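A quick write-up on the structure given underneath.
The values are calculated or read from the model by the stated rules, or taken from the named source; none is laboratory data. Treat the numbers as computed from the prediction; the structure is a model and nothing was measured. Note: ideal-geometry Cβ built from the backbone for every residue, glycine included; neighbour counts use all protein chains shown.
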C-alpha cells in the first residue's frame, strides 16, 4: 500500500517556514528589547592562516571586558561582546561590521582586522558614524593620511613608522659599534614587507650613512621553502641581515636557516621575533637575534605587565600575542573614556578619548596616550633586544626614545605630504 | 533521437516572429514586476540587513549568472571569471577617486575597459579547450591579481583602494544613501538578468548550446565557433564587471581579494549549488550561499565545516544543483499526474 499525500507543501512545512522567516526578521528587535546592556561588535579573523592572532585578540578583549563589567560596565551598562569571523576577507569584514551595527544593535565597533580588512571596516565606520577602534592594523596611513581621518575612528595599535624609526636607530648604533657595513634584507613580498623594509633601511642609513645593501630577497608570503633564499644570502656574505618575516613564515625561515648555520655568520635583525607565537615555536631559537618587542611579559619590566601576561596565560594556557595587548588597550581606553565622559554614548566617548592618557601595563612609562591630532596610540612600550633560547627569551630590551620618534614621525609625515 | 523529439524540434523552428516578440514582452513585464516588488520591499521591511543582503545578492548574482553563460550554456569552464569582478571594482573605484567624473560616466568607462581587457584575454583563451581553457583563464586571473598587488602607487597594493569611493549625486540619485544604492543595485540586477536571459534565448544563445554539445558539428554547419565563444566571453565579462561595481559601491573600496581565484571558486560553487541547467539556477545558488554564509557565520566559527558538508551533500548526494533538482522533480510530478489523468 502506498501512502497517499496531497501534492504541494504541507501545512506543517508552511508553518515551520513561516516561523523561521519571522524569527529571522524579528531577531534584531528581540535583541534590542533587552536594553540596558551595551553591545560591542568585533569583526576579526578566526579562521585561516592568522586565526591564532584573531583568537588571541578575542581572548584579550574578553579578559578586559570581565574586569570592566565587574567594575560596573560602561557608565552603568554591562558590556556584551558580539564577536564574528570575517575569514580575513575585506568584503566579509565590511558586511559583518554593518550587520553588527545595523542588525545586532552594536553601538561600538572593535575592528580587529588586519590590512585591507581594517580599511574596509573604516569605510563602514565612516558611513554609519559609529565609534570604531582599530586594534590590529599597523599600516601608518590608516591614521597618518588626512584623507582617512574621521572623528569616530581611533587606532590602539602600534604603527609601522614608529617601529622603523626605533629599529633603524637601534640597528645603526650596533652597526657602528661592530663595523657592520654590508647588509642584506629578506622580507615577505607584499605591501607590509616592502614598506617596512624600505622605511627601516631609510632610517638605518640616516643614522649610519656608510651602510650598503648588497642583497635583497623577497620570498612570497606563506612560502614553505626558504632554501633558495638562505643560500642566496649566504653567498652574498653580508655582515648583517634584516627581516620582517612574521609568524609561521619567520619560524620556518629560522628552522631552515639554522641548518646552514646562518645565524653564526651574521648579525640578524628580525623585527617580529620577540612575540611568543614565534619564540615558542622555533625548534632551536638561536642566541643573539635582534628583535623589536611585539608582546613580551618582561618588557616593560613592570609588575603590572608581568601580572597581565600571567593572568592571560592562566586563563587561556598560552601567552598573549602582539594583537592581544593592542586589543586589551582598546577596552582599557574605552572604559576610561566612558568614565571621563560619564556616558556610554559613542560620540561622548570619542570626545573624551581624544588626547586621553591612561595608566597601562603596556606603556613605555606606565601610561599610553590617544594622540588627539591623528587619533592613534602613542607612548606604548617599544624597544629592541637580543634573544636567548629559553624564557624570558629577550632578557634585556633597550627602550626606544619617544622624543626621537615624534620628531622623525613629523618629518616622515611631511615627506609623504600628509601635513 | 526519437521521432517524437524530432517532431518537437521541427515545431520549435517554426515559431513565428510574433511569438518571439510576445516572449520578449513577457520577459520584460516579469523583469519590471520583479523590480517593482524589490523596490517596494523596504517600505514593508525596514530591516537594513535585508537591504545589505539584496545588494550583495545583486553583486554576486550578476557575477554567478554571467559565469553560467560560459559554464552552463557554452561549456567553457572558466576558473578566472573573478578577474572581471575585480576589474569592475577597481576600474570604477579608481575612476571615481582619480578623475571625479559623474557615476554613469565611470560606469560606462569601466565597462569599456572590461570590454577591451576581456577581448584581449578572450582572444587568447577561447582557442583552448576544457582543462587548458580553465587553467589559462586562471593564469590570467593571477596575473591581474599580482598586478593589483604590486602596482602599489595606483591600486594601494594589498591594502586596497583606500579613502572611500566618492559618489556625487546624479539625476537625483545619491548612491551614498543606502536606500538609493539598494534601488540602483536592484535595477542593475534586474536589467542584467533580463539582458542575459535575452542572450540565452536568442538564436545566438542556441548556437552556444550547440557549441557546448558538439563544437565540431557547429563549425561544419558554418558557425564561426571561435567568434561565438569570444563574443559570449566578453559579454559575460561585462556582467561580471557590473557585479564588481556594485560590490565596490557596497564596501566603498576595492580590495585585491576581489580579483583572487577564491572569488572565481565561489562563482563555480554558486553554480554547483543552484544548478547550471536552468537560467535562474545561479541566482538561486547565490541567495542560498549568502543565506548559508550569513547565518552560519552568526552561529558558529566552524562555518567551513558546515559549508563543506553542504557542498558534499550537493556534489555526492543530489549530484546536481538545487534548481536542477526542483525542475526535474516538478517535471516528474507532472508526468505522474498526466499518467494518472
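Numbers below:
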quantity	calculated
Members of the stretch B:108-135 that are over 30 Å from residue B:214 (Cα atoms) and surrounded by fewer than 23 Cβ atoms within 10 Å (Cβ to Cβ)	B:108, B:109, B:111, B:112, B:113
Counted residues, the stretch A:86-117 - those being outside any loop (DSSP other than H, G, I, E, B), at pLDDT 90 or above and more than 8 Å from chain B (Cβ to nearest Cβ)	9
Residue ID - nearest to residue A:150 (Cα to Cα), chosen from residues in the stretch A:354-377 that are out of contact with any helix residue (DSSP H, G or I) (no Cβ under 7 Å at 6 or more places or on another chain) and part of a strand (DSSP E or B)	A:371
Selected residue (only one of A:125, A:26, A:31 is within 12 Å of chain B (Cβ to nearest Cβ), at pLDDT 90 or above and not in a loop (DSSP other than H, G, I, E, B))	A:125
Looking only at the stretch A:61-82, and only at residues there that are farther than 22 Å from residue B:297 by Cβ and in a helix (DSSP H, G or I), the one that is farthest from the other protein chains (Cβ to nearest Cβ)	A:70
Of all residues in the stretch A:142-154 being outside any loop (DSSP other than H, G, I, E, B) and within 11 Å of chain B (Cβ to nearest Cβ), the one that is surrounded by the fewest Cβ atoms within 10 Å (Cβ to Cβ)	A:147
Residue in the stretch B:245-256 that is surrounded by fewer than 22 Cβ atoms within 10 Å (Cβ to Cβ) and within 23 Å of residue A:116 (Cβ to Cβ) present	no
The stretch B:34-87, residues that are part of a helix (DSSP H, G or I), within 14 Å of chain A (Cβ to nearest Cβ) and without any contact (Cβ under 8 Å) to a residue 24 or more places away in the chain	B:41, B:44, B:49, B:50
Some residue of the stretch B:113-135 being modelled with pLDDT of 85 or more and closer than 20 Å to residue B:253 by Cβ	yes
Hey, residue A:249 in contact with a strand residue (DSSP E or B) (Cβ under 9 Å, 6 or more places away or on another chain) and crowded, with 20+ Cβ neighbours inside 10 Å or not	no
The one condition in (1) on the phi < 0 side of the Ramachandran plot; (2) in contact with a helix residue (DSSP H, G or I) (Cβ under 6 Å, 6 or more places away or on another chain) that residue A:105 fails to fulfil	(1)
Which listed residue, of B:99, B:147, is without any contact (Cβ under 8 Å) to a residue 40 or more places away in the chain and either more than 14 Å from every other protein chain (Cβ to nearest Cβ) or in contact with a helix residue (DSSP H, G or I) (Cβ under 6 Å, 6 or more places away or on another chain) (or both)	B:99
Counted residues, the stretch A:34-67 - those being within 21 Å of residue A:344 (Cβ to Cβ), touching a strand residue (DSSP E or B) at 6+ places or on another chain (Cβ under 7 Å) and surrounded by 19 or more Cβ atoms within 10 Å (Cβ to Cβ)	8
Criterion violated by residue B:132 - all others in (1) within 11 Å of chain A (Cβ to nearest Cβ); (2) without any contact (Cβ under 8 Å) to a residue 60 or more places away in the chain satisfied	(1)
Residue match in the stretch B:179-193 (condition: within 14 Å of another protein chain (Cβ to nearest Cβ), part of a loop (DSSP other than H, G, I, E, B) and either farther than 14 Å from residue B:73 by Cβ or in contact with a helix residue (DSSP H, G or I) (Cβ under 7 Å, 6 or more places away or on another chain) (or both))	no
Residue in the stretch A:132-141 that is farthest from residue A:55 (Cα to Cα), counting only those that are more than 7 Å from chain B (Cβ to nearest Cβ) and crowded, with 24+ Cβ neighbours inside 10 Å	A:140
Evaluation of residue B:208 against (1) crowded, with 19+ Cβ neighbours inside 10 Å; (2) more than 30 Å from residue A:119 (Cα to Cα); (3) at pLDDT below 90 (one fails), failing number	(3)
Residues (surrounded by fewer than 19 Cβ atoms within 10 Å (Cβ to Cβ) and either within 19 Å of residue A:284 (Cβ to Cβ) or under 27 Å from the mean Cα position of the chain (by Cα) (or both)) located in the stretch A:218-246	A:218, A:220, A:221, A:222, A:223, A:224, A:225, A:227, A:234
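Conditions tested, residue by residue: (1) at pLDDT below 90; (2) surrounded by fewer than 22 Cβ atoms within 10 Å (Cβ to Cβ).
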{"position": "A:267", "(1), (2)": "no, yes"}
{"position": "A:274", "(1), (2)": "yes, no"}
{"position": "A:278", "(1), (2)": "yes, no"}
{"position": "A:283", "(1), (2)": "yes, yes"}
{"position": "A:287", "(1), (2)": "yes, yes"}
{"position": "A:290", "(1), (2)": "no, no"}
{"position": "A:295", "(1), (2)": "no, no"}
{"position": "A:303", "(1), (2)": "no, yes"}
